[in-house]
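J.: I'd like to ask you about the structure that follows.
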Amino acid sequence: MATTRPFNIPKQMVWEAYKRVRVKGGSAGIDDQSILDFEKDLKNNLYKLWNRMASGSYFPPPVKRVEIPKAGGGVRALGIPTVSDRIAQTVVKMAFEPEVEPHFHEDSYGYRPNKSAHQAVRVARQRCWRFNFVVDVDIKGFFDNLNHELLMKAVRKHTTCKWVILYIERWLIAPLQQEDGSMVQRDKGTPQGSLWEASHKDPYEK
């Protein structure tokens, strides 16, 4: 007798997400499980992840907080998800990105497919011959203070996929585990990191 699940998430999608995560590499999360460790029982691990996501019972584990030295001094705090959570995030990214990508400004280069720092530099070089001013804007503490309600309003504007919305909501409130092991509950903000920075590299780095 076939068992139906509330969400139609193809197993092939989870397999493709795993391959993308494997290529990017990255550190272990709070469970200290590396990608090589995950692959020791690959078939079973991927099946369990798919089963939980398709049934709606997947809850992201806490995110591991690590501090990375900045080139100019100081540190940058990153949130490192577990390997399985990075795969889950990639599944949602694969479903959501095609819907939201067309709405980004053409001059937006960070964390976008087929965009790079080299393209940004090339455009900046062309424009510096046409304009004699530069506008530099930075939102202080943006990631730390991101409003969850406003973010989810934007997500819902661009997708009606119930499982995409569900899991993005759950990731937003997933606890943050400090280096001393203590847990921090979150009602605003989002850790810098996740699958886009899993290898601790700059998003523009090639």
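J.: Return the residue satisfying two criteria in turn: it lies in segment 160-181 and is open to solvent by 50 Å² or more (accessible area, probe 1.4 Å) and free of Cβ contacts under 8 Å to residues at least 24 places away in the same chain, and of such residues it is farthest from residue 81 (Cα to Cα). Steps first, please.
T.: Residues of segment 160-181 that are open to solvent by 50 Å² or more (accessible area, probe 1.4 Å), as a first pass: 160, 162, 169, 173, 178-180.
Restricting the remaining residues to those that are free of Cβ contacts under 8 Å to residues at least 24 places away in the same chain gives 160, 169, 180.
Working: 160: 26, 169: 15, 180: 17 Å.
Only one residue tops the list, namely 160.
J.: How many residues does segment 67-87 contain that are surrounded by 17 or more Cβ atoms within 10 Å (Cβ to Cβ) and over 16 Å from residue 35 (Cα atoms)?
T.: At the first step, the residues of segment 67-87 found to be surrounded by 17 or more Cβ atoms within 10 Å (Cβ to Cβ) are 78-87.
Now narrow it down to the ones that are over 16 Å from residue 35 (Cα atoms): 78-79.
Of the residues in that region, 2 qualify.
J.: If you don't mind, there's one more thing I want to ask. Inspect all residues belonging to segment 67-83 and state whether any of them is of a type in the set (Ser, Thr, Tyr) and either touching a residue at least 12 places away in the same chain (Cβ under 8 Å) or in contact with a Ser or Thr (Cβ under 7 Å, 6 or more places away or on another chain) (or both).
T.: Yes, segment 67-83 contains at least one residue that is of a type in the set (Ser, Thr, Tyr) and either touching a residue at least 12 places away in the same chain (Cβ under 8 Å) or in contact with a Ser or Thr (Cβ under 7 Å, 6 or more places away or on another chain) (or both).
J.: So, of the residues in segment 148-199 that are modelled with pLDDT under 95 and polar (S, T, N, Q), which turns out to be nearest to residue 101 (Cα to Cα)?
T.: 194
J.: May I pose another question? I need every pair where a residue in segment 87-106 that is in contact (Cβ under 8 Å) with a residue 60 or more places away in the chain has its Cβ under 6 Å from the Cβ of a residue that is assigned to a helix (DSSP H, G or I) and charged (D, E, K, R), sequence separation at least 6 or different chains.
T.: Within 6 Å, the pairs are 90/20.
J.: While we're on this one: Which residues, taken from segment 36-50, are basic (Lys, Arg) and within 21 Å of the chain's Cα centre (by Cα)?
T.: Answer for segment 36-50, where residues must be basic (Lys, Arg) and within 21 Å of the chain's Cα centre (by Cα): just 48.
J.: Any idea which of 134, 123 is over 30 Å from residue 164 (Cβ atoms), among the aliphatic types (A, V, I, L, M) and open to solvent by 100 Å² or more (accessible area, probe 1.4 Å)?
T.: 134
J.: Quick one: how many residues across segment 29-55 are surrounded by 17 or more Cβ atoms within 10 Å (Cβ to Cβ) and more than 18 Å from residue 5 (Cα to Cα)?
T.: Of the residues in that region, 5 qualify.
The values are calculated or read from the model by the stated rules, or taken from the named source; none is laboratory data. No experiment lies behind these values; they were computed from the predicted model shown. All Cβ positions, glycine included, derive from the backbone under ideal geometry; neighbour counts span all protein chains shown. Note: areas computed on protein heavy atoms with side chains; ligands, DNA, RNA excluded. Shrake-Rupley method; radii C 1.70, N 1.55, O 1.52, S 1.80 Å.
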